[in-house]
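**Q** This is the structure I have questions about; it appears just below.
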Amino acid sequence: MIVTITTPDGDKSEYSFDSESIILGRGQNCDIVISDDHISRKHLEIKRFEDLIFLKDLTLSNWVSYNEEKLEKGVEVQYYDFAPLILPGLYKVEISANQSAQENDSQTLTKSDIDIYHNKINAVTTATNITEFNNDIQDKKRRSRKGKKSSKDSKKKEKNELGTMAFILIAVIGFLVYQFFLKEESSLISERRPIERKKAVERKAVERKVVRRAQSNVTNFKNENELTKSEKEIVPAVKDIYSEVLASDDKCTGENVRNLCQTIFLNLTKKEGLQRIKADMYVVKNFNLRGAYLFRSSENFTNSNLSKKQLMQIVAAEGVLLPNFLKKLELDGINKISIILFNVNRTEFEVVKVFQVDVTNYRKYDIDSYSKAFADISSQQNPSYFDANLSRFIEEVK
């Protein structure tokens, strides 16, 4: 089989093949490579059957012009050398099975003798054989199309049946899941909600009780002015940078801070309260007074067997380590709490100790631990539970 390619500039290239089928295109794996962007990677298939040539357009969106008509995609058409075969970019293709066949075809057929899609050929020397061959091809194509159509209809019907079955199966599974899992779970949730609400109410009641315990259980409480000199000087005064906060009168101002004050202070004496500075919260406590509240009397507090360090840490932690209080501070954007303990020396207010608490510590214990720790301290003056479970969450600064 001889294939001649003529470029738009008139240059000719001739290719000779012994194979029955060749591919022409822009791809490097093609038998004939035309390096032009107009040509598809696989553009045209040329087949030889004895002395007959057949063409097939392999492109998806490109074209092949034969006998001044565009070939149908993927359909084989018999080739005659007198009918022009043109590719995009004006490349001309000429094909011959062999030299003698080319001469024979040139003598017997003209352009007007054929219809490339229906193979209508006038009576010629080889017309009978060609017609029979073409009829066989057309019969095979018709049978193939009929078989494909029947196969497609069968597959479509099968898909529809499978889709219906899948839908029914999904519906059944969904119903079973709802009956045996979701319905039961929703029932359990509805049963748990009243219990959870009851627990929440009880938890809040415990918090309020703990906050008020110090004041409600005080006996023989002394007024600040009635405290003895030894009670006021239970620890030495320390003057540091926190004195400025202590001296400030701008405490428990603003709605949020005022509400937080009420959480840990049932009543306030002079200089006590909360003051927010940026992301830090300062809690200012009268050491002797708060100690007397916690230990139920000033005598119990003054005569306690606990060390000074333990007393200061416990007084600083009381109320501040309430989980609900720390959570509110975190939600309000507070990162750190500083607890300033002070004493009154005559008319002066002096800082005696400062502690710090991380607001996220409330996640590490619960209200029950807090309640037990301060109940033991208040009723029995026993700090064991506090030391074991809460003391690590409040650190001494000064």
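The values are calculated or read from the model by the stated rules, or taken from the named source; none is laboratory data. Nothing here was measured: the structure is a model prediction, and the numbers come from that model. In this analysis, Cβ positions are derived from the backbone assuming ideal geometry, glycine residues included, and neighbour counts consider all displayed protein chains. Only protein heavy atoms, including side chains, enter the accessible area calculation; ligands, DNA and RNA are left aside. Shrake-Rupley method; radii C 1.70, N 1.55, O 1.52, S 1.80 Å.
**Q** Below 11 angstrom from the Cβ of Asn29, what's the summed charge of the other residues (Lys, Arg +1; Asp, Glu -1)? Let's see the in-between values first.
**A** Details: positive: Arg26, Arg41, Lys42; negative: Asp31.
Every neighbour counted, the sum reads +2.
**Q** Something else now. When Lys and Arg each count +1 and Asp and Glu each count -1, what net charge do the other residues less than 14 Å away from Lys70, Cβ to Cβ, add up to? Mind dumping the intermediate values first?
**A** On the way: positive: Lys56, Lys73; negative: Asp57, Glu68, Glu69, Glu72.
Taking every other residue near Lys70 into account, the sum is -2.
**Q** Now a separate question. Using a 1.4 angstrom probe and counting only protein chains, how large is the accessible area of Met1 in Å², to 10?
**A** Rounded to the nearest 10, that gives 10 Å².
**Q** With a 1.4 Å probe and all protein chains kept in place, how much accessible area does Tyr178 have, in Å² rounded to the nearest 10?
**A** 110
**Q** Could you pull the accessible area for Ile173 with a 1.4 Å probe, rounded to 10 Å²?
**A** So the heavy atoms of Ile173 present about 90 Å² to solvent.
**Q** If Rh is defined by the Kirkwood formula over all Cα pairs and Rg also comes from Cα, what ratio Rg/Rh do you get for region 4-90? Write down the numbers at each step before the final one.
**A** Numbers: Rg = 12.2 Å, Rh = 13.3 Å.
That ratio equals 0.92.
**Q** Along the charge dipole of region 271-347, pointing to its positive end and built from +1/-1 on Cβ of Lys, Arg, Asp and Glu, which listed residue (Thr302, Ala316, Thr347) has its Cα farthest out?
**A** Working it through, the farthest residue towards the positive pole turns out to be Thr347.
**Q** Still on this structure, I have one more. From the cross-link list Lys73/Lys157; Lys328/Lys364; Lys308/Lys336; Lys73/Lys156; Lys42/Lys157; Lys271/Lys364, which pairs have alpha carbons spaced over 26 Å apart? Display every interim value, and only then the final one.
**A** Values: Lys73/Lys157 28 Å; Lys328/Lys364 16 Å; Lys308/Lys336 24 Å; Lys73/Lys156 24 Å; Lys42/Lys157 35 Å; Lys271/Lys364 31 Å.
Result: Lys73/Lys157; Lys42/Lys157; Lys271/Lys364 exceed 26 Å.
**Q** Turning to a different aspect of this structure: Pop out the carbon and sulfur fraction of the accessible area of region 261-398 as a percent, whole number, probe 1.4 Å.
**A** Values: 2400 of 5680 Å².
Answer for region 261-398 is 42 percent, counting heavy atoms of protein chains only.
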